[in-house]
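Structure first, then comments.
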Amino acid sequence: MVTAASPRQFEPAKVTTLARPKLGQLLNIPNFVTLCRLISIPFFLVLLTRHRFTYALYLFAAAAVTDSIDGTIARWFDSKTELGAFLDPFADKLLLVSAFVVLTFEQVFPTWLLTVVITRDVVIVFGYFLVSFLIGDRVPVRPSYLGKASTFLQLACIVAALLRGAGIAMLNSWHGLLFTTVAVTGASGLQYIYRGLVILNTKEPEMLH
């Protein structure tokens with residue numbers, strides 16, 4: 001015997017959608033501070049091209065302060081977001097690399113210094129996506145001590161260049177700083193390459209399944 005179908009049987013299934021984060025959640029105070037640092041980068045580069053090294057030094061110092069502030073605020077108020085986790089290192093790297101490029105074109109830095117810095121960053125980024133693609137999973141990013149030392153020395157090179165350009169007395173071992181930065185930057189790049197090879201050896205690549 002055929003029974004009458006209930007009207008509810010013909011109701012379309014409800015589609016569950018993921019709640020989108022509100023604009024206020026994305027543009028919280030730490031992210032807003034990071035965005036301000038991103039916006040300041042073109043002004044910083046213009047000051048470099050016009051050899052206004054004193055003002056460029058002030059702006060660079062302000063960017064360094066905001067870099068510490070946004071992370072501190074995010075930890076204190078537990079307001080970390082995925083957007084902030086991406087924007088913060090992106091802003092730092094953009095400021096660092098663009099400063100190296102402009103200072104090299106302005107003949108403040110030698111070309112070989114920029115070549116090593118850019119090559120190391122390109123190898124790390126390309127290697128990260130290549131390893132993630134081969135193993136079919138995201139690779140955890142853990143900065144090494146050599147990587148942190150490399151970033152610190154690159155920042156020291158920029159600060160030293162700005163101080164020299166502003167006519168402020170600075171250490172006499174200018175070339176020693178540059179050579180040390182190249183050595184540590186190159187070593188950190190080789191270390192990250194070694195890490196990638198270790199991950200590939202411990203995990204079977206997906207494309208070989």
Practice item. Might you check whether a residue that is surrounded by fewer than 14 Cβ atoms within 10 Å (Cβ to Cβ), aromatic (Phe, Trp, Tyr) and at pLDDT 85 or above occurs anywhere in segment 10-18? Key: no
**Study point:** In segment 99-112, the residues that are part of a helix (DSSP H, G or I) and either within 12 Å of the chain's Cα centre (by Cα) or surrounded by 17 or more Cβ atoms within 10 Å (Cβ to Cβ) (or both)
**Key:** 99, 100, 102, 103, 104
Point to revise | Filter result for the condition that a residue is in contact (Cβ under 8 Å) with a residue 12 or more places away in the chain, of a type outside the set (S, T, N, Q) and not assigned by TED's automatic domain parsing to the domain that holds residue 55, over 187, 183 | key: 187
Practice item. Please tell me if residue 114 is under 16 Å from residue 186 (Cβ atoms) and of a type in the set (A, V, I, L, M). Key: yes
Review point. Which condition breaks for residue 153 when tested against (1) within 17 Å of the chain's Cα centre (by Cα); (2) more than 23 Å from residue 97 (Cα to Cα); (3) part of a helix (DSSP H, G or I)?
Key: (2)
Check your understanding: Is it true that some residue in segment 60-81 is part of a helix (DSSP H, G or I), at pLDDT 75 or above and over 18 Å from residue 31 (Cα atoms)?
Key -> yes
Review point. In this structure, is residue 130 under 17 Å from residue 61 (Cα atoms) and under 22 Å from the mean Cα position of the chain (by Cα)?
Key: no
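The values are calculated or read from the model by the stated rules, or taken from the named source; none is laboratory data. Keep in mind that this is a model prediction, so the values were computed, not measured. Glycine also receives a Cβ, built like all others from the backbone with ideal geometry; neighbour counts cover every protein chain displayed.
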